[in-house]
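**Q** First, the structure itself, so that you have it in front of you.
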Amino acid sequence: MMTDGMKLLIVDDDDILRSRMKRAMQRRGFVVFEGDGYDTAIEIAHQYRPDYAVLDLKMPGRNGTDILKDIMEILPNLKAVMLTGYGSIANAVEAVKLGAVNYMTKPADADQICRALGFDLPDTDIPEQEPESVGTQSLAEAQWEHIQRVLSDCNGNISQAARQLDIPRRTLQRKLKKLAP
């Protein structure tokens, strides 16, 4: 892979996930910088000028879209991938409009992220010292699971769940009539 010396910024508020991703990407030749939120991400962008970024969407305070928007002003040629555990089509469209080259749902392994950043991977896999993920999830599956979690948190109240999801109640009812992906 042609990543040797390429600078990668990883921003995620989950310390364990961020640390594991850092090690995996270093094994693939990246020079990795990591941050746990908006302020460190912007500081790293100014100081180290990374070529690539992997950003978590949902974080306390300013989220991944805030980071993406501001970091693209600093580094207009940056290639960024947005990661989220709560996938939705609206979030994916917003991330791409702001400049992300791809949008992925968690869990995503290092090879998937490399491919999303535009790297061709050799047929042989790099041996991992520890598992990085337990399978992948499509955007439809992540959205279904998120809807089910919100609905459960609302004790089955469809109107309340629709308000929390910020979608019309009838749209939520239609989504619930479909079978899980």
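**Q** Using the basic label-point model (7 angstrom from Cα toward the beta carbon), what is the I16 to L176 distance in nanometres?
**A** 3.2
**Q** What does the extension gain come out to for R23 and R149, with contour length at 0.36 nm per residue minus their alpha carbon separation?
**A** Gain on extension, R23 to R149, equals 42.2 nm.
**Q** Is the stretch 7-116 best put as rounded, prolate or oblate by its Cα gyration tensor, with a ≥ b ≥ c the root eigenvalues, rounded for a/c under 1.5, and otherwise prolate when a/b is larger than b/c, oblate when not?
**A** The shape class here is rounded.
**Q** Sticking with this structure for a sec: Within the stretch 48-91, list the residues whose amide N lies under 20 Å from a label point set 7 Å along Cα→Cβ of Q164.
**A** Within reach of a label on Q164, which here means backbone N under 20 Å from a point 7 Å along Cα→Cβ, the stretch 48-91 contributes 57-61, 84-91.
**Q** Cβ neighbours within 10 Å, averaged per peptide: list 102-109, 10-17 in order, most packed at the top.
**A** 102-109, 10-17
**Q** Between their Cα atoms, which of K22/K175; K97/K177; K22/K79; K69/K106; K22/K97; K106/K175 are more than 28 Å away from each other?
**A** In this structure, K22/K175; K97/K177 exceed 28 Å between Cα atoms.
Taken together, the values in this text are just the output of simple stated rules run on the coordinates, not laboratory data. Predicted, not measured: the structure shown is a model, and the values here were computed from it. Counting neighbours? That spans all protein chains shown, and the Cβs are built from the backbone with ideal geometry, glycine included.
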